[in-house]
1. Name the residue, out of Arg98, Arg91, Arg105, that is open to solvent by 70 Å² or more (accessible area, probe 1.4 Å) and in contact with a Gly (Cβ under 7 Å, 6 or more places away or on another chain).
2. Hand me the list of helices (runs of 4 or more DSSP H) wholly inside segment 72-147 holding 3 or more residues that are more than 21 Å from Leu45 (Cα to Cα).
3. Which one is farthest from the chain's Cα centre (by Cα), of the residues in segment 27-80 that are under 16 Å from Val100 (Cβ atoms) and among the aromatic types (Phe, Trp, Tyr)?
4. List pairs: first in segment 50-61 and within 18 Å of Met108 (Cα to Cα), second part of a loop (DSSP other than H, G, I, E, B) and open to solvent by 40 Å² or more (accessible area, probe 1.4 Å), Cβ under 7 Å, 6+ apart or cross-chain?
5. Name the single residue that is modelled with the highest pLDDT among those in segment 121-151 being under 25 Å from the mean Cα position of the chain (by Cα), open to solvent by 100 Å² or more (accessible area, probe 1.4 Å) and under 27 Å from Arg177 (Cα atoms).
6. For Tyr66, which of the numbered conditions (1) assigned to a loop (DSSP other than H, G, I, E, B); (2) at pLDDT below 90; (3) surrounded by fewer than 15 Cβ atoms within 10 Å (Cβ to Cβ) fails to hold?
7. Based on what the data block shows, is Lys61 closer than 29 Å to Leu124 by Cα, open to solvent by 60 Å² or more (accessible area, probe 1.4 Å), assigned to a helix (DSSP H, G or I) and basic (Lys, Arg)?
8. List pairs: first residue in segment 105-126 and within 23 Å of Tyr28 (Cβ to Cβ) and in contact (Cβ under 8 Å) with a residue 24 or more places away in the chain, second residue surrounded by 10 or more Cβ atoms within 10 Å (Cβ to Cβ) and of a type in the set (Gly, Ala, Ser) anywhere in the structure, Cβ distance under 9 angstrom, at least six positions apart or on different chains.
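The values are calculated or read from the model by the stated rules, or taken from the named source; none is laboratory data. In this text, all values refer to a predicted model and were calculated from it rather than measured experimentally. Quick reminder, even Gly has a Cβ in these numbers, built from the backbone with ideal geometry, and neighbours come from all protein chains shown. When the accessible area is computed, the model is the full protein with side chains, heavy atoms only, and any ligands, DNA or RNA have been set aside. Shrake-Rupley method; radii C 1.70, N 1.55, O 1.52, S 1.80 Å.
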Amino acid sequence: KEMGLHATGGYQQHKCFMRFEDQCGYKYLLNSASIGYANKFKSLLLCGSVVLYVREGMRHKEFYEYGLLPGVHYHAVDTAAEVPAAVKWLREHDEYARAVAEAGRARMASLDEAAVTGFMAELLTQYSKRQSFRVAPQPGAVRIDCEDDLWRHYALSHGWLSGYLTQDNASCLHPPRAGAVLSPPG
């Protein structure tokens, strides 16, 4: 509220802002609720530090959080008021703290592109089994057959678009139209 942007809209820089690269230099890191979408948990775990997870105010979970266990991958506390005592306890139990930090880092590091893609495929497969309606494209829908189509259609700024497109369209394999006469390659 110091800048008055709460009344007129706009972005207010946190006075205590710290880059993730700088945060990773600390042995203990704090994951707490935010006023918006808090997506820092995975980055904090990747630091290899002990992450103290404050449960109070955490209404939503990321998909990967269901594969994490308190006391194994992070150290949980119910409220922010419990953090100082938890840090004191972790200092007194350093071997445990180091094991939790390493387990959290290892678990997050294992979530590579293949693991996330596999999770999403399973999620959509299970969801489709429960679906009771037939999917029909909405008027004006754009067919997305490959990653390049996605970037071309949804890019808001074409200035940075070239950095993400595969220039040879290698990811685009458009199927032939129904009834098309195919000829030999070359």
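1. Details: Arg98 fails: in contact with a Gly (Cβ under 7 Å, 6 or more places away or on another chain); Arg91 fails: in contact with a Gly (Cβ under 7 Å, 6 or more places away or on another chain).
Exactly one residue qualifies, and that residue is Arg105.
2. Numbers: elements: 83-92, 94-109, 113-130.
Filter on segment 72-147 gives 113-130.
3. Among those residues, the one meeting the criterion is Tyr28.
4. Val50/Lys27
5. Step one: list which residues in segment 121-151 are under 25 Å from the mean Cα position of the chain (by Cα), which gives 121-128, 144-151.
Applying the additional criterion that residues be open to solvent by 100 Å² or more (accessible area, probe 1.4 Å) yields 124, 127, 147.
Those left that are additionally under 27 Å from Arg177 (Cα atoms): 124, 147.
Working: Leu124: 88, Glu147: 68.
Checked segment 121-151; the qualifying residue modelled with the highest pLDDT is Leu124.
6. Unmet for Tyr66, out of (1) assigned to a loop (DSSP other than H, G, I, E, B); (2) at pLDDT below 90; (3) surrounded by fewer than 15 Cβ atoms within 10 Å (Cβ to Cβ): (1).
7. On the way: closer than 29 Å to Leu124 by Cα: yes; open to solvent by 60 Å² or more (accessible area, probe 1.4 Å): yes; assigned to a helix (DSSP H, G or I): no; basic (Lys, Arg): yes.
So Lys61 does not fit the description; no.
8. Going by the 9 Å Cβ cut-off, the qualifying pairs are Arg105/Gly48; Arg105/Ser49; Arg107/Gly67; Met108/Ser43; Leu111/Gly67.
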